[in-house]
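A short worksheet on the structure shown next.
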Amino acid sequence: MNPKKIVITGGPGTGKTSIINHLVKGGFLCYDEISRQITLQARKEGIEQLFLTEPLLFSEKLLDGRKQQFFDAEKELESVVFLDRGLPDILAYMDYVGDTYPEYFVKACETYTYDNIFVLSPWQEIFTSDSERYENFEQAIEIHHHLLDTYKRFGYNLIDVPFGSIKTRTDFVLDSLNLQ
């Protein structure tokens, strides 16, 4: 069927997962962010923050996982699949920490493209840190700029999701896609 692949992205603590969860409650097919799973698995293996200690390994695991999500989404019978982050997020985070990455990271972003990108801006009122999110609000702003630059680098037209309640933000996404 080749459904539309819609990415919800933004820096840490911007409300992406809340919107994804609201979409799921509304009956939409959504793929969760996988970085927390990778972080928790690394902790089981004795590595507290894999992204900080081995950013390339962490990013390679993300690349594999997000490519798999892309392939899985292509096989879905739904007309739309929402994804909590996309492949370019990996490069944005690598750029943020100042690490280099192999050319195959760039090729993956060029090869596996999404239909729409919704971006959530940093929002102080809802920002929180937790055991998997080590960034502070100022770092979240910096990451946000890297995300914008990276997605634009790959030619995406970014749709800015305005601040508001989870329902208001979710409705904005759905209205933008003519899904309501």
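The values are calculated or read from the model by the stated rules, or taken from the named source; none is laboratory data. Everything numeric here is computed off the predicted structure, so don't read it as measured data. Note that we place each Cβ from the backbone using ideal geometry, even for glycine, and neighbour counts take in every protein chain shown.
The figures follow:
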| item | result |
| --- | --- |
| Flag if THR150 is more than 21 Å from PHE28 (Cα to Cα), crowded, with 18+ Cβ neighbours inside 10 Å, of a type outside the set (Phe, Trp, Tyr) and modelled with pLDDT of 95 or more | yes |
| Test for VAL106: is it surrounded by 13 or more Cβ atoms within 10 Å (Cβ to Cβ), without any contact (Cβ under 8 Å) to a residue 24 or more places away in the chain and either of a type in the set (Val, Ile, Thr) or in a loop (DSSP other than H, G, I, E, B) (or both) | yes |
| Number of the exception - ASP99 against (1) closer than 30 Å to GLY164 by Cβ; (2) of a type outside the set (Val, Ile, Thr); (3) assigned to a loop (DSSP other than H, G, I, E, B) | (1) |
| Filter result for the condition that a residue is touching a helix residue (DSSP H, G or I) at 6+ places or on another chain (Cβ under 7 Å), surrounded by 13 or more Cβ atoms within 10 Å (Cβ to Cβ) and within 16 Å of GLY155 (Cα to Cα), over ASP84, ASP115, ASP89 | ASP89 |
| ILE159 being aliphatic (A, V, I, L, M), surrounded by fewer than 17 Cβ atoms within 10 Å (Cβ to Cβ), under 13 Å from GLY10 (Cα atoms) and without any contact (Cβ under 8 Å) to a residue 60 or more places away in the chain | yes |
| Answer residue from the stretch 118-129, given it is of a type outside the set (Ser, Thr, Tyr) and more than 30 Å from ASN2 (Cβ to Cβ) and is surrounded by the fewest Cβ atoms within 10 Å (Cβ to Cβ) among those | GLU125 |
| Filter result for the condition that a residue is within 23 Å of LEU148 (Cβ to Cβ), touching a residue at least 60 places away in the same chain (Cβ under 8 Å) and of a type in the set (S, T, N, Q), over THR100, THR39, THR128 | THR128 |
| Residues of the stretch 23-55 satisfying the condition of being under 23 Å from GLY164 (Cβ atoms) and either part of a strand (DSSP E or B) or β-branched (Val, Ile, Thr) (or both) | VAL24, CYS30 |
| Scope the stretch 66-75; condition touching a strand residue (DSSP E or B) at 6+ places or on another chain (Cβ under 6 Å) and either touching a residue at least 40 places away in the same chain (Cβ under 8 Å) or of a type in the set (Phe, Trp, Tyr) (or both); matching residues | ALA73 |
| LEU77, sole failed condition from (1) of a type in the set (A, V, I, L, M); (2) crowded, with 16+ Cβ neighbours inside 10 Å; (3) at pLDDT 90 or above | (2) |
| Selected residue (criterion: surrounded by the most Cβ atoms within 10 Å (Cβ to Cβ)) from residues of the stretch 1-22 that are in a helix (DSSP H, G or I) and at pLDDT below 95 | LYS16 |
| Count of the stretch 111-124 residues which are at pLDDT 95 or above and out of contact with any Phe, Trp or Tyr (no Cβ under 7 Å at 6 or more places or on another chain) | 8 |
| Flag for LEU50 being under 18 Å from VAL80 (Cβ atoms), buried (at least 18 other Cβ atoms within 10 Å of the Cβ) and either acidic (Asp, Glu) or out of contact with any Asp or Glu (no Cβ under 8 Å at 6 or more places or on another chain) (or both) | no |
